[in-house]
1. Restricting the first residue to the range 37-66 and requiring it to be closer than 19 Å to residue 80 by Cβ, which pairs with a second residue that is part of a loop (DSSP other than H, G, I, E, B) and among the acidic types (Asp, Glu) meet a Cβ separation below 7 Å and a spacing of at least six or different chains?
2. Those residues that are surrounded by fewer than 16 Cβ atoms within 10 Å (Cβ to Cβ) and hydrophobic (A, V, I, L, M, F, W, C), I need them from the range 3-30; list them, please.
3. Which numbered condition in (1) at pLDDT below 90; (2) in a loop (DSSP other than H, G, I, E, B); (3) not small (Gly, Ala, Ser) is the only one that residue 82 fails?
4. Name every residue in the range 42-60 that is part of a helix (DSSP H, G or I) and farther than 13 Å from residue 20 by Cβ, in order of residue number.
5. Quick one: which of 43, 61, 33 is exposed (fewer than 12 other Cβ atoms within 10 Å of the Cβ), at pLDDT 90 or above and within 16 Å of residue 1 (Cβ to Cβ)?
Amino acid sequence: MMTLRLMRFGAKSKPSYRIVVVDSKKPRETRAKDYIGSYNPLKEPPDISIDLEKAKFWLDKGAKPSPTVKSLIKKVSKTSKLSNLQDSKS
């Protein structure tokens, strides 16, 4: 089964993450099938970038997101909907 989850990068005490698609039975630092975004919690506000089309593709194929990735996707989809609404009002 495939999973959408975070892969940690960065120096000690300065984490940054990639949002990746991996086999659920593999360890955290394994080779990813696909990279769909990144997350930097140290910036204010946190920097979240996710390719929603790739995420939807993998979710439709049956991949399950981790709880953290699920919340990040919700945040990004809300902001993209808001920006789409603001663009249409202009």
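1. 37/51
2. So the first thing to find is which residues in the range 3-30 are surrounded by fewer than 16 Cβ atoms within 10 Å (Cβ to Cβ), and the list is 8-15, 18, 23-30.
Passing the criteria: 9, 11.
3. (2)
4. Kept after step one, since they are part of a helix (DSSP H, G or I), are these residues of the range 42-60: 52-60.
Across the range 42-60, the qualifying residues are 52, 53, 56, 57, 59, 60.
5. Values: 43 fails: within 16 Å of residue 1 (Cβ to Cβ); 33 fails: exposed (fewer than 12 other Cβ atoms within 10 Å of the Cβ).
Testing whether each residue is exposed (fewer than 12 other Cβ atoms within 10 Å of the Cβ), at pLDDT 90 or above and within 16 Å of residue 1 (Cβ to Cβ) leaves just 61.
The values are calculated or read from the model by the stated rules, or taken from the named source; none is laboratory data. Treat the numbers as computed from the prediction; the structure is a model and nothing was measured. Glycine also receives a Cβ, built like all others from the backbone with ideal geometry; neighbour counts cover every protein chain displayed.
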